[in-house]
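Structure first, commentary second.
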Amino acid sequence: MPLAADSTQLRAAVAALDPVVARLCLVHLTGDRSQLTRFGPAFDGAQRGPQSTFAGPVATMKAADPAVVAEIRDLLVRAMSANPEPVLTRPGRALFRQMAEFCVGFPLGQTACDMAREQAGFSQDEGALEATRVPPEDFKVLVIGAGMVGINAGVKLKAAGFNYRIVERRSEVGGTWSINTYPNAAVDTPSVQYSYSFELNPSWTKYYPRGPEYLAYLKKVADRYGITERIDFNTAMKACAWNESRQIWRVTCERAGREEVYEANAVFIACGFLSRPSYPDLPGLGSFLGPVVHSAVWDDAVALEGKKVVVVGTGATAAQLATAAAARAGHLTIVQRQPNYMLPDPKVLQHVGADELWALENIPFVLQWTRFQSLSTLLTLPVSMARIDHEWRAQTGGVSAINDGVRQFCLGYIGAKFVDRPDLRAKVTPDFPFFAKRPILDCGYYDTLLRDNVDLVEGEPSACDQTGVTLKDGRRIECDVLILATGFILDFLTGFDVRGRGGQTLESSWRPYPFAYMGLEVPGFPNLFITSGPNSALTASHTTLGEQQTHYIVETLKTMVEEDLAAVEVKPEACQSYCARLYEELDQTIWVNHGTAHGYYRHATGRVVLGYPWTNLHYWQALRKPELSDYLVTSRSEAARIGQPTKAVAAAG
C-alpha cells in the first residue's frame, strides 16, 4: 500500500539513514541501476558507514556532498511513497559486486562478494551442492546441543531433507544465553550482525542486545522453523561409540535419571567449548558465611543492596556484572589478576533510535546493507590482526600497523577516561600486545571504576574464610557476597566418553592437546563433526562461524548421499598436513608470542588451541565444500555386507 508522500515518520526515517544505504535502497526500490553511477563523484573519498568496533579507529573522512545526499533522500521518500515493494530483490553477482564496492568505497574480490551476499542476507549457502538425490529416511543425524549452532544445524538439516533429532541437556534452547542470566549479560557484537543471515531481525531494541532479548530471538527462530518439536530437552549426552559393523553411532544419554540410547549415521556436536564454569581453587571457600555465586550459575535471589561485594575477574562477563553490581552494592571491590584492552562504542548501552528502527523494519534492504557494513572488516581484512608483521616489528618493535593502531586507540581511550586518576590508569593498562587475549567492549566498566563505592585491587585470591578473601600477597578483603566471574573451562568434549574406530577414545587421541581438520573432524572418528572445535575461533562472531561450519557439515552429508557413502573419515595424513600448516602460521601470531598475556586461548600445555590464524574470509572459502580426496570413505554397499568387516578405502582423486 503506498505511503503518504508527506509522511512525517517516513521522512524522519530516511533523514536518519546513512546516505550510502539510502542510495542502495533506492536502487532496490526502483530497479534503476544508473543510481549507482549518477551521483558517483559526490561520494568519492567520503565515509562509507560504520565498521566493526574491534577494528579500532576509523580515519576521519569527508562527508558526501550535502546537496546530492538531500536529493537521494528525496528520491527515496518518493519511491517509498509510490510503492514500498522493491523491484530488485536479488541482484545478480555482477550487480551485487558493483553495489557492494560502492558500499565500502573500494574494489572487492569475488570471494569477498560471495561471502557478503550470503552473510548479509541476500542469498543462502553460497557454493552449495545442487543435490540430485533425497537423503534416505534411514540416514539419521543426531545434533548435540540446542544453542546458537544447534538451532542453525536444525534449520539447515531440515532444508536439506535430513532426518535429524536434537538432544539438549537444558529445558530450553539458547545455550550460553540460557545459561548466563547474570545482571547486564549482553552481546558484545552489534545486534545487526549477531544473528542468523537467513533470519535477520530488524527489531532489535538495542544496538547490543541484553541476554533475554537474544534468547527470545533464538526461541523465535527455533519455533518459526519447526526446530523445537525436533528437540529432546533435559537430555544430556554421556557417551557415544562407533559401531563398525553397522556403520552407525550409538549415543548414550540421560533423561530424568533414565538411560536413553540414540542411533545415528552422523553426529553433529554443537555444545560449544565454554560450557563448564571454572571455579578458582580457594581453600576455605566452603566456610564463607555469605553467598558465593558464579556468573554462570547466577542466583537472582542474592541481595547485593548495601552489601560489601567482591567480584573476582575482569573479563567481559566480569565487566558487565561489576557495572550492574556497583549500582546496588554498598561497596564493590573488583579483584583483577590482569587487565584487558577495552574498546569504546558510544552505542553500547543505547537503544536503537525510533527513526532508525522504523527504517530497518519498513524500508526494503536497509537491514541487509546495514548488516553488510557491520561485516565489512571481515570481508576486507588482508591478514589476521594477530599476525606479526616482521618488517614492522623490526622497525618499531610492535606487532603490525593495524594491530598497533588499535592498541594505541585503546591506550588513548584509557588516558582520556582516567586523566585525573593515574593510579587507575596504571592498573588498567595492559603490558602485552593487543589481541593476545580477548579484548572487551566497554559497557560502562571504566565509568564504574571511577565510582566512589568501587575499588580495583590487583592480585589473585588464594584463600577464603568466613567473612572475606585473602590474596596471594597476604592482603585480606572483607565482604558479605563473593561473586566469581572466572569464566569457563576450555572444553572440547571433556567429560564425554567418545569412542571411534577400534574403540579409540577422543580423549586419548587428543593427548597432549586437541586438534582437528578444519577445526571439525578427527581421524578415527567417522561421521563425527565437532563445531567450535580446535583452532576454529577468533575470526568472527560465534553466529558467523557457526553458520560457516554448519554449511560445511551439511555439504559433507549431502555429498555422502550423492556418492552413496556410509562413512567419511578424514585421513590421518590430510589432518596432519592441515595442522602442520596451521601451527606454522600460528607461530607467526601474538597468540603464540603473547608476552605476559594469559587467558583461555591457550591449552594447559601452552599450545594455542582456540585461534584460527588466517582471516574469516579464508575460513569461509575453505568450508564451501569437502575435498573427498582428504577422506577415507566407506560405501553403503560395503557397509551392507553381512558378517564381513567393513573396509575403509581411500577416495579417488
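The values are calculated or read from the model by the stated rules, or taken from the named source; none is laboratory data. Here the structure is a predicted model, which is why all the values come from computation and not from measurement. Because the Cβ atoms are built from the backbone with ideal geometry, glycine has one as well, and the counts that use them run over all protein chains shown.
Miscellaneous remarks
- Given (1) surrounded by 17 or more Cβ atoms within 10 Å (Cβ to Cβ); (2) without any contact (Cβ under 8 Å) to a residue 60 or more places away in the chain, number of the condition A296 does not satisfy: (2)
- Hey, D431 in the same structural domain as G313 (by TED's automatic domain parsing) and either within 28 Å of W591 (Cα to Cα) or touching a residue at least 60 places away in the same chain (Cβ under 8 Å) (or both) or not: yes
- Restricting the search to strands (runs of 3 or more DSSP E) fully inside region 254-303 and requiring at least 1 residues that are at negative phi and among the polar types (S, T, N, Q) gives 274-277.
- Against the conditions (1) outside the structural domain of L610 (by TED's automatic domain parsing); (2) at pLDDT 95 or above, T314 satisfies every one except (2).
- If you filter region 602-625 down to residues that are in contact with a Leu (Cβ under 8 Å, 6 or more places away or on another chain) and more than 18 Å from E584 (Cβ to Cβ), you find that the one that is surrounded by the most Cβ atoms within 10 Å (Cβ to Cβ) is N616.
- Pairs with Cβ under 6 Å, 6+ apart, first in region 139-159 and under 21 Å from V261 (Cα atoms), second modelled with pLDDT under 95 and hydrophobic (A, V, I, L, M, F, W, C): I144/C271; G145/C271
- The set of residues in region 109-130 that are among the aliphatic types (A, V, I, L, M), farther than 20 Å from L360 by Cβ and crowded, with 19+ Cβ neighbours inside 10 Å comprises A112, M115.
- Odd one out for A359, checked against (1) closer than 21 Å to W614 by Cβ; (2) of a type outside the set (S, T, N, Q); (3) in the same structural domain as Q110 (by TED's automatic domain parsing): (1)
- Single residue of region 394-414 satisfying the filter (among the β-branched types (V, I, T) and within 24 Å of the chain's Cα centre (by Cα)) that is surrounded by the fewest Cβ atoms within 10 Å (Cβ to Cβ): I402
- In region 566-589, the residues that are farther than 21 Å from G524 by Cβ form Cβ pairs under 9 Å with partners that are part of a strand (DSSP E or B), at six or more places apart or across chains, as follows: E585/R387; L586/V608; L586/G611; Q588/R387; T589/R387; T589/V608; T589/G611.
- Extreme residue, farthest from the chain's Cα centre (by Cα), among residues of region 576-610 that are small (G, A, S) and closer than 19 Å to P433 by Cα: G595
- Subset tally (residues that are small (G, A, S) and buried (at least 22 other Cβ atoms within 10 Å of the Cβ)) for region 328-385: 5
- The residues of region 495-533 that are over 19 Å from the mean Cα position of the chain (by Cα), in a loop (DSSP other than H, G, I, E, B) and of a type outside the set (A, V, I, L, M, F, W, C), listed by number, are G495, G500, Q504, R511, P512, Y513, P514, P523, G524, P526, N527.
- For region 450-494, the candidate set comprises residues that are of a type in the set (S, T, N, Q) and not in a strand (DSSP E or B); within that set, the residue that is surrounded by the most Cβ atoms within 10 Å (Cβ to Cβ) is T486.
- Of the helices (runs of 4 or more DSSP H) lying entirely inside region 398-449, those carrying at least 2 residues that are of a type in the set (F, W, Y) are 401-417, 445-449.
- Tally of residues being among the basic types (K, R) and in a helix (DSSP H, G or I) across region 117-155: 1
- Some residue of region 207-224 being part of a strand (DSSP E or B) and in contact with a strand residue (DSSP E or B) (Cβ under 7 Å, 6 or more places away or on another chain): yes
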